[in-house]
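Right, one structure below, let's go through it.
The values are calculated or read from the model by the stated rules, or taken from the named source; none is laboratory data. Every value quoted in this text rests on a predicted model; they were computed, and no experiment measured them. Cβ coordinates were reconstructed from backbone atoms using ideal geometry, including for glycine residues, and neighbour counts include every protein chain displayed.
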Amino acid sequence: MNRQHGFTLVEILVAVAIIAVVLSTVYGVYAAAEAGRRHAETKNATLHLGRVLFDRLERELLSLAGANDTLPVLTGQAESDGFRLELLTLAGAGPVDGLHRVSYQVRTRDGRSELVRDDRPWPTREDDEEPVLLDDRIVGFSGRFLSRNSWRDSWDSRRDGLPQLVELSLTVKAGDEPVTLRSAVRLPTEERF
């Protein structure tokens with residue numbers, strides 16, 4: 001009898017099936033780890049964006065011009081397309097020192113929402129300059145104001161002075177779901193001194 005050494009077809013098929021199961025398990029683990037990494041990256045980028053914008057807003061709010069009944073130092077209100085915040089601040093950007101009229105709002109362009117910032121030396125005349133796009137991932141911006149233990153959705157410093165606290169919210173498009181970030185700034189009012 002002539003015996004040949006080697007593997008039978010059944011043995012080869014069993015080995016291929018085992019290798020396929022092991023490789024699919026390894027790929028599943030890798031795919032899950034990669035999805036987790038992407039999710040963490042998106043979350044970190046969203047939180048970083050929020051920190052940067054809230055730091056800028058806080059710096060500008062803490063550098064407000066003194067409140068009086070003639071200057072619009074701080075106004076905030078809901079408008080047809082969202083919330084608009086306007087400040088008269090010493091912390092504006094640009095080549096001109098002094099007071100700046102800074103405004104933030106979400107505008108819709110080509111069916112997409114985006115946060116824009118307008119910064120102009122004050123007093124100045126209006127011109128045709130476009131506001132600066134801060135980030136197109138920001139799809140919502142809102143605020144509210146605390147005064148005498150009562151929250152208000154709109155504010156005008158000419159009528160109301162300065163609030164004790166300004167709470168701001170940003171809604172950021174982070175992957176498939178929007179994430180809302182909040183921050184509050186306590187303003188240096190006369191009541192605290």
Evaluate the following for Ala91: is it modelled with pLDDT of 90 or more and either assigned to a strand (DSSP E or B) or on the phi < 0 side of the Ramachandran plot (or both)?
-> no
So which of Ala17, Ala32, Ala45 ends up being at pLDDT below 90 and either under 27 Å from Asp118 (Cα atoms) or among the small types (Gly, Ala, Ser) (or both)?
-> Ala45
Residues being touching a residue at least 24 places away in the same chain (Cβ under 8 Å) and over 24 Å from Leu165 (Cβ atoms): count how many of those fall in segment 71-113.
-> 9
Filter pass, Val52 being surrounded by 11 or more Cβ atoms within 10 Å (Cβ to Cβ), farther than 30 Å from Leu133 by Cβ and not small (Gly, Ala, Ser) | no
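If I filter segment 140-170 down to residues being polar (S, T, N, Q) and over 17 Å from Glu60 (Cα atoms), which single residue comes out as surrounded by the fewest Cβ atoms within 10 Å (Cβ to Cβ)?
Applying the first criterion (polar (S, T, N, Q)) to segment 140-170 yields 142, 147, 149-150, 154, 157, 164, 169.
From what is left, the residues that are over 17 Å from Glu60 (Cα atoms) are 147, 149-150, 154.
Values: Ser147: 16, Asn149: 6, Ser150: 8, Ser154: 14.
The selected residue is Asn149.
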So which of Trp122, Trp151 ends up being modelled with pLDDT of 85 or more and among the aromatic types (Phe, Trp, Tyr)?
-> Trp151
Give the residue that is nearest to the chain's Cα centre (by Cα), with candidates limited to residues of segment 158-187 that are at pLDDT below 90 and of a type in the set (Gly, Ala, Ser).
-> Ala174
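Residue by residue, here is whether (1) farther than 30 Å from Ser147 by Cβ; (2) aliphatic (A, V, I, L, M) holds:
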| residue | (1), (2) |
| --- | --- |
| Gly6 | yes, no |
| Val10 | yes, yes |
| Gly28 | yes, no |
| Arg37 | yes, no |
| Glu58 | no, no |
| Thr70 | no, no |
| Glu79 | no, no |
When you look at Leu134, is it within 20 Å of Ser63 (Cβ to Cβ) and buried (at least 18 other Cβ atoms within 10 Å of the Cβ), yes or no?
-> yes
